[in-house]
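Report on the following structure.
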């Protein structure tokens with residue numbers, strides 16, 4: 001993990017890391033979150049409407065460059081008993097296509113890692129309900145919130 005040292009007059013040296021990007025990949029929407037530069041917290045940035053795998057991966061590449069990320073954390077949709085779900089194969093294919101595109105864009109140093117995403121959508125929904133977010137608005141942001149939970153779980157390890 002690349003570290004950047006910043007001198008701060010008040011606190012001394014602060015270690016900054018490259019950011020992490022998280023994806024909650026669905027059939028219609030990809031929820032996207034990014035870490036802060038210190039690698040402590042996750043913030044939702046986008047609910048990307050799916051167009052096609054080529055354009056979707058192009059959009060992810062652009063975000064990796066924009067936010068200067070060195071890791072893409074991908075939520076792995078597995079069943080409660082640990083077996084693959086129908087969505088698992090689609091997400092594995094997406095990761096493979098993204099990794100190929102990273103290599104062809106001189107971003108081979110960016111690694112893609114799995115993060116178990118069981119219960120993330122349910123937790124995201126409960127979080128939004130407790131924050132008093134209206135049902136219509138929840139539909140718009142639930143995937144982004146699930147990506148936040150995926151990334152925060154990864155960062156907390």
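The values are calculated or read from the model by the stated rules, or taken from the named source; none is laboratory data. It should be emphasised that the depicted structure is a prediction, and the values quoted were computed from it without experimental measurement. All Cβ positions, glycine included, derive from the backbone under ideal geometry; neighbour counts span all protein chains shown.
Annotations for the structure displayed:
- Residue match in region 109-132 (condition: touching a strand residue (DSSP E or B) at 6+ places or on another chain (Cβ under 8 Å), in contact (Cβ under 8 Å) with a residue 12 or more places away in the chain and more than 25 Å from residue 40 (Cα to Cα)): no
- The requirement of being more than 21 Å from residue 143 (Cβ to Cβ) and at pLDDT 95 or above is not satisfied by residue 90.
- Filtered residues of region 24-34 (kept if out of contact with any helix residue (DSSP H, G or I) (no Cβ under 6 Å at 6 or more places or on another chain) and closer than 13 Å to residue 73 by Cα): 30
- Among residues of region 60-83, those that are within 16 Å of residue 24 (Cα to Cα) and either assigned to a helix (DSSP H, G or I) or touching a strand residue (DSSP E or B) at 6+ places or on another chain (Cβ under 9 Å) (or both), counted: 12
- Considering only residues in region 79-94 that are surrounded by fewer than 19 Cβ atoms within 10 Å (Cβ to Cβ) and closer than 17 Å to residue 112 by Cα, the one that is farthest from the chain's Cα centre (by Cα) turns out to be 89.
- Any chance residue 109 is exposed (fewer than 15 other Cβ atoms within 10 Å of the Cβ) and either at pLDDT 90 or above or assigned to a loop (DSSP other than H, G, I, E, B) (or both): yes
- Filter result for residue 128 (at pLDDT 80 or above and closer than 19 Å to residue 29 by Cα): no
Rundown of residues vs (1) surrounded by fewer than 21 Cβ atoms within 10 Å (Cβ to Cβ); (2) farther than 15 Å from residue 141 by Cβ; (3) touching a residue at least 24 places away in the same chain (Cβ under 8 Å), yes/no style:
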residue: 23; (1), (2), (3): no, yes, yes
residue: 35; (1), (2), (3): no, yes, yes
residue: 45; (1), (2), (3): yes, no, yes
residue: 61; (1), (2), (3): yes, yes, yes
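Residue by residue, here is whether (1) assigned to a helix (DSSP H, G or I); (2) surrounded by 17 or more Cβ atoms within 10 Å (Cβ to Cβ); (3) touching a helix residue (DSSP H, G or I) at 6+ places or on another chain (Cβ under 8 Å) holds:
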site	(1), (2), (3)
97	yes, no, yes
115	no, yes, yes
121	yes, yes, yes
126	yes, no, no
129	yes, no, yes
140	yes, no, no
144	yes, yes, no
150	yes, yes, yes
